[in-house]
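Participant: The structure follows.
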Amino acid sequence: MTVEFRPKLMKYKFEDLQVWQLSLKALDKIYGLVEDLHESEKFNLKSQIIRACTSVSLNIAEGSAGQSNPEQIRFLGYSIRSLVEVIACLRIIKVRKYILDSDRLDDVYTVIDELFIKLQAFKESLQ
């Protein structure tokens, strides 16, 4: 999945990273999923999972701007931690039965799992 935001005036390193592109797909899935959460969760779980998933993408981008592998590894670590937070939020959604459509949840989990594996592999490749 390649996302084009603007005319090609300048290309940023993170835009070519498969993990960043996959993080956008995950974020899109999360936004779609949380639309069905009850209004009472708007400022709690809904806000938390969106911020955590957004943080994954932003940390991948920020880490790619660094001048060294250790710096990029540090930001990938932040991305992984934020992704674990997303996973925890998804578990809460499932346990609390906020979303009953297991196929929708499985679809989101599939993307999140793939992103987790790719983030770990990317981080290990830089070490």
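Participant: Hey, does segment 41-54 have a residue that's of a type in the set (Asp, Glu), farther than 25 Å from Gln127 by Cα, at pLDDT below 95 and in a helix (DSSP H, G or I)? Steps first, answer last, please.
Facilitator: Within segment 41-54, the first condition is being of a type in the set (Asp, Glu), and the residues that meet it are 41.
From the residues that got through so far, the ones that are farther than 25 Å from Gln127 by Cα too are 41.
Narrowing further to those that are at pLDDT below 95: 41.
Remaining after also requiring in a helix (DSSP H, G or I): 41.
Taking every residue of segment 41-54 in turn, at least one turns out to be of a type in the set (Asp, Glu), farther than 25 Å from Gln127 by Cα, at pLDDT below 95 and in a helix (DSSP H, G or I).
Participant: Out of all the residues in segment 26-50, which are surrounded by 14 or more Cβ atoms within 10 Å (Cβ to Cβ) and of a type in the set (D, E, K, R)? Before you say what the answer is, go through the steps one by one.
Facilitator: Taking segment 26-50 as the starting set, the residues that turn out to be surrounded by 14 or more Cβ atoms within 10 Å (Cβ to Cβ) are 26-31, 33-34, 37, 41, 45-46, 48-50.
Result: Asp28, Lys29, Glu41, Lys46.
Participant: Filter segment 66-122 down to residues that are in contact with a Lys or Arg (Cβ under 7 Å, 6 or more places away or on another chain) and in a loop (DSSP other than H, G, I, E, B), then give me how many there are.
Facilitator: 0
Participant: Count, please, the residues in segment 68-85 that happen to be open to solvent by 30 Å² or more (accessible area, probe 1.4 Å) and either within 27 Å of Asp106 (Cα to Cα) or within 10 Å of the chain's Cα centre (by Cα) (or both).
Facilitator: Number of matching residues: 4.
Participant: Checking Arg81 against (1) farther than 18 Å from Asn44 by Cβ; (2) touching a Leu at 6+ places or on another chain (Cβ under 8 Å); (3) of a type in the set (Lys, Arg), which test does it fail?
Facilitator: Exception for Arg81: condition (2).
Participant: Ala88 - would you say it is open to solvent by 20 Å² or more (accessible area, probe 1.4 Å), of a type outside the set (Lys, Arg) and over 23 Å from Thr110 (Cβ atoms)?
Facilitator: Judged against the criteria, Ala88 is not a match.
Participant: Evaluate the following for Leu105: is it of a type outside the set (Asp, Glu) and in contact with a helix residue (DSSP H, G or I) (Cβ under 9 Å, 6 or more places away or on another chain)?
Facilitator: Spelling it out, Leu105 is indeed of a type outside the set (Asp, Glu) and in contact with a helix residue (DSSP H, G or I) (Cβ under 9 Å, 6 or more places away or on another chain).
Participant: Do the conditions hold for Ala65, that is, is it closer than 21 Å to Lys118 by Cβ and under 10 Å from the mean Cα position of the chain (by Cα)?
Facilitator: No.
Participant: Inspect segment 108-126 for any residue being modelled with pLDDT under 95 and either more than 16 Å from the chain's Cα centre (by Cα) or over 18 Å from Gly32 (Cβ atoms) (or both) and give the result as yes or no. Let's see the steps before the verdict.
Facilitator: The first filter runs over segment 108-126 and keeps only residues modelled with pLDDT under 95, leaving 126.
In the following step, the residues that additionally are either more than 16 Å from the chain's Cα centre (by Cα) or over 18 Å from Gly32 (Cβ atoms) (or both) were identified as 126.
Yes: one or more hits.
The values are calculated or read from the model by the stated rules, or taken from the named source; none is laboratory data. All values reported here derive from a predicted model rather than from experimental measurement. Quick reminder, even Gly has a Cβ in these numbers, built from the backbone with ideal geometry, and neighbours come from all protein chains shown. Note: areas computed on protein heavy atoms with side chains; ligands, DNA, RNA excluded. Shrake-Rupley method; radii C 1.70, N 1.55, O 1.52, S 1.80 Å.
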